[in-house]
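The values are calculated or read from the model by the stated rules, or taken from the named source; none is laboratory data. Here the structure is a predicted model, which is why all the values come from computation and not from measurement. Neighbour counts are summed over all protein chains in view; Cβ atoms, including those assigned to glycine, are modelled from backbone coordinates with ideal geometry. When the accessible area is computed, the model is the full protein with side chains, heavy atoms only, and any ligands, DNA or RNA have been set aside. Shrake-Rupley method; radii C 1.70, N 1.55, O 1.52, S 1.80 Å.
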Amino acid sequence: MQKIAVANHKGGVGKTTTAVCLAAALIERERSVLLVDLDEQGSASEWLANQRERAGAELAAAILHGGSLADLVQETPCGVDLVATNELFHSFHVEAQSEPGAEQLLREAIRALPPRWDYLIFDCPPSLNIATVSALVASDYLLVPVETKFLSLRPLARIFQLFASVQRRLNPDLRLAGVLASKVRGGTRHCAEVVDRLRQRFGEAVFKTVIRDSIRVGEAPGHGKGVTLYDPGGLGATDFRALAGEFEERLAEEVPAKARLKKENPRRVAHG
Ligand SMILES: Nc1ncnc2c1ncn2[C@@H]1O[C@H](COP(=O)(O)OP(=O)(O)OP(=O)(O)O)[C@@H](O)[C@H]1O
Ligand SMILES: [Mg+2]
């Protein structure tokens, strides 16, 4: 099971949209996907399933007190399995403060899951808080959606600082799946320039696929489906299908290389 944290502390950049629509597009490719909602706003949970009143408290308890995450998995109509959350997940943040090594607990909870899924995707909150750090510690890959606006560029430094610190101190196997330009308004010079700057700064780490701004993508959350199901022939579906393909290609290249490097030279992998 490959674990992917979708994270960027800037709000409203397309994290949840990416997490849900990528998951749904992977389902269309006949992969099995578990989405774990780590944002107490519960946006992915609300998008995909009926709200369970105690979802956030149950998730916090499972992580903090060694409960079973598997018991919290619910099937959703669009085929993505979900560990839901809501505002009660705030208790995780409060209790974690007095728990030494709390950022390791999610990884332990994930390790106890049955090997039932090809991918596990974490939808992270718009903050570099303990939930985001825990997701990076528990993941194999970080995927960073970036809204294509100039003011989105500078804040990226902080998520990449966190990525480097987690890689150095807590999770040497963490890799960058990619930087994803999201909400791209076709034909605007501003968006094209921002995408260019992303490519100058992050090179090949930027996905070739960009996610265009589309009304249907914005509407999909109200219909309980990823955009590939909600509007199968539209722009959003085309973009997320392309992303799922590119994402799987990248992982297919990266995974054997990672295993080989690890075998030959564990230090080189550990310090990236
Ligand atoms: N490609 C797109 N086209 C149109 N609307 C989009 C697109 N991507 C995201 N949106 C809309 O932008 C808003 C923010 O997106 P989303 O919730 O995915 O961001 P987020 O980074 O998860 O936000 P938060 O930081 O609050 O968790 C939502 O209303 C969503 O529907
Ligand atoms: Mg979100």
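A few notes on this one:
- Modelled label reach - GLU53, point 7 Å along Cα→Cβ, the stretch 66-90 residues with backbone N closer than 19 Å: 72, 84-90
- Share antiparallel - DSSP beta bridges, the chain, percent rounded to 5: 10 percent
- Accessible-area value, SER214, 1.4 Å probe, nucleic acids and ligands omitted, Å²: 20 Å²
- Global form of the chain, assessed from the alpha-carbon gyration tensor, a/c cut-off 1.5: rounded
- Residues whose placed amide H lies under 5 Å from that of ARG212, excluding near-sequence neighbours: VAL184
- Rounded accessible area per residue of the chain, 1.4 Å, Å²: 46 Å²
- HIS65 accessible area, 1.4 Å probe, all protein chains in place, Å² to nearest 10: 120 Å²
- Shape of the stretch 45-124 from the C-alpha gyration tensor: oblate (a/c of 1.5 or more and a/b not above b/c, with a ≥ b ≥ c the square roots of its eigenvalues).
- Here the accessible area is traced with a 1.4 Å probe on the protein chains. For the chain, carbon and sulfur cover 49 percent of it.
- Pairwise FRET efficiency - ARG189 versus GLU108, Cβ, R0 = 51 Å, nearest 0.05: 0.60
- For LEU176, distant residues with modelled amide H under 5 Å away: LEU142
- Under-17-angstrom lysine pairs by C-alpha in the stretch 2-270, whenever the two are 8 or more apart or on separate chains: 9
- Amide H contacts under 5 Å for ILE121: ILE4, LEU34, LEU35, VAL36, restricted to partners 5 or more places along the chain or on a different chain, H placed in the peptide plane at 1.01 Å from N.
- Helix-only mean residue ellipticity at 222 nm for the chain, each DSSP H run of n ≥ 4 adding -39500 (n - 2.57), per residue, nearest 500: -13500 deg cm²/dmol
- The charge dipole of the chain, taken about the Cα centre with unit charges on the Cβ atoms of Lys, Arg (+1) and Asp, Glu (-1), comes to about 1220 debye, rounded to the nearest 20.
- Prolate/oblate/rounded label for the stretch 175-222 (Cα gyration tensor, a/c 1.5): oblate
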